[in-house]
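These notes concern the structure reproduced below.
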Amino acid sequence: MVRQVLVLGGGPAALCMAAALAEQGLSVALLAPHDLRQPWPNTYGIWGEEVDALGLAHLLEHRWSACVSYFGEGAADASDPANRPTPHRRDYGLFNRQALQNHWLEALERGGVELLQGTAMAAQRLEGEGFTAIPTREGPIHQARLVVDATGHQPLLVQRPDEGAVAGQAAYGIVGRFSAPPVQPGQFVLMDYRCDHLSPEQRLQPPTFLYAMDLGDGLFFVEETSLALAPPVPYDDLRQRLEQRLAHHGIRVLAVEHEEFCLFPMNLPLPDLHQPVLGFGGAASMVHPASGYMVGSLLRRAPAVAQAVAAALADPQAPSAAVAACGWRALWPRPLRRKHALYQFGLEKLMRFPEAQLRAFFATFFALPDPLWIGFLANTLTLPQLLLAMVQLFVRAPWSVRWGLIGMRGRELRLGLRLLWPVGG
């Protein structure tokens, strides 16, 4: 049996894409090496207005209005105004992972998506007359007119160019109970870059920040995070910094209910947009290169991609490569490729910034008009709006930040030129 679409993967990207394709009335199968009802290990955050626009606020487990960051050097109660918290004036939410997973599983059931369990053998993929065949280690061979690879950052089938070292965002965190609240009651802390708990030697090392939140009932989530680095900051270093940060404030960990180890690439190059397999999610480099967010982008972009695929499949003679090409064009149109280049250029800059320069940069960034910084982080700005945000940031920034933005080092110039000549034609 040749299905119209076979989606590979079992995470948020795979479920989201399969559900969107089924909504178009296509025959879809989803192949994963594990039970698709197996709980997801990681947490997923999203800004309140993003999830509201999608009509999915009911899938949030927590939502905070008291959202702040710290970009000063020391204690929040210091006399220096730079040490005061930066209010974000925007809600932030944390998805209920089970509710989000069930949301998509129910959509798959409504759409008649066939759920398959097996391990795809990518090296033995076969291209036939108008279809692609994927053998599995367990024996069955699954055929489809289009294969969508949504298997994550190290995809089974999707090919991307090698452009050198890939920076990873690394984080170590715990959900637990503490001798004193690590954040204010009811508060969400997006970035706490205060560094007065570090030794002089540590302050010369790559900077990290605290991402933390009050989960209610005396439970808190605290996570030490490195924005991006190649190679990434080791988990042991992040754990040590988190322990130092807590100890500096006289806080002891009383009980650990969950440990989280998070590592994902931030600046993957765009995949080859002319290959006969379509990618989605991490496999298609959809992680926001400047913020690390992806779930909101999955939800926003899947319908357009699915619509383009359905239109291409309406031609019974269209080969897999032609159908995939329509999907790639919908997923990565020229304006989005230009924005991706600009985000990668910016991240390359930030990875070079020392601690003090990075704190100054973010203090300036979050002083931009709210629609600009929130749209930047959510990747919802148009290209002209994104350029406006960058110009305003440069004008407002202190000279220490301006000089860091002006200088061209390493691959920065090449990345910047892609704003004019994006990859993929």
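Which residue, Gln385, Ser400, Leu372, has the largest displacement toward the positive end of the dipole of the stretch 369-419 when charges sit on each Cβ (Lys, Arg +1; Asp, Glu -1)?
Ser400
So, in nm, how far is label Leu54 from label Leu115 when the simple model puts each one 7 Å beyond its Cα toward the Cβ?
Spacing of the two 7 Å Cα→Cβ label points: 2.1 nm.
Mind giving me the FRET efficiency for Gln317 and Glu163? R0 is 60 Å, r the Cβ-Cβ distance, nearest 0.05 is fine.
Efficiency at R0 = 60 Å is approximately 0.95.
What is the distance in Å between the Cα centres of the stretch 380-411 and the stretch 160-217?
24
What number comes out for the charge environment of Ala99, summing +1 per Lys or Arg and -1 per Asp or Glu over other residues with Cβ under 12 Å away?
-1
Given a Förster distance of 35 angstrom, what is the FRET efficiency for Gln184 paired with Leu263, based on the Cβ-Cβ distance and rounded to 0.05?
The value I calculate is 0.75.
Could you state the principal axis extents of the C-alpha atoms in the chain, from the largest down, to the nearest angstrom?
Computed over the Cα atoms, the extents are 71, 48, 36 Å.
Take Arg89 and Glu201, extend 7 Å from each Cα along the Cα→Cβ direction, and tell me the distance between the two endpoints in nm.
With each label point 7 Å from Cα toward Cβ, the separation is 4.4 nm.
Expected output is a single nm value to one decimal: the length gained when fully extending between Glu106 and Asp272, i.e. 0.36 nm times separation in residues minus the C-alpha distance. What is it?
Contour length minus Cα-Cα distance gives 56.5 nm.
Find, among the GluC sites (Glu not before Pro) in the stretch 150-241, those assigned to loop by DSSP (not H, G, I, E, B) with at most 11 other beta-carbon atoms within 10 angstrom.
Loop-located and lightly packed - Glu201.
Just to verify a number: FRET efficiency for His248 and Leu383, C-beta to C-beta distance, R0 = 56 Å, to 0.05?
E between His248 and Leu383, to the nearest 0.05, is 0.85.
Over the stretch 202-311, what lengths in whole Å, largest first, do the semi-axes of the equivalent ellipsoid take, defined as the square roots of 5 times the eigenvalues of the alpha-carbon gyration tensor?
Whole-Å semi-axes of the equivalent ellipsoid: 36, 18, 10.
I need the Debye-formula profile for the stretch 335-417: one equal scatterer per C-alpha, no solvent, reported as log10 I(q)/I(0) at q = 0.14, 0.18, 0.25, 0.26 1/Å, two decimals.
For the stretch 335-417 at q = 0.14, 0.18, 0.25, 0.26 Å⁻¹, log10 I(q)/I(0) is -0.44, -0.75, -1.40, -1.46.
Give me Rg over Rh for the stretch 274-425, both radii from the alpha carbons and Rh done the Kirkwood way, two decimal places.
The Rg/Rh ratio comes out at 1.04.
Apply the Karplus parameterisation 6.51 cos²θ - 1.76 cosθ + 1.60, with θ equal to phi minus 60°, to every residue of the stretch 329-346 and state each ³J(HN,Hα) to the nearest whole Hz, in sequence, with x for glycine and proline.
5, 6, 6, 10, x, 4, x, 5, 5, 5, 4, 4, 5, 5, 5, 5, 4, x
Quick note: the coordinates plus some simple rules give every number you see, no bench work behind them. Since the structure is predicted, the reported quantities are computational estimates derived from the model, not experimental observations. When we count neighbours, we look across all protein chains shown, and the Cβ atoms used for this are built from the backbone with ideal geometry, even at glycine.
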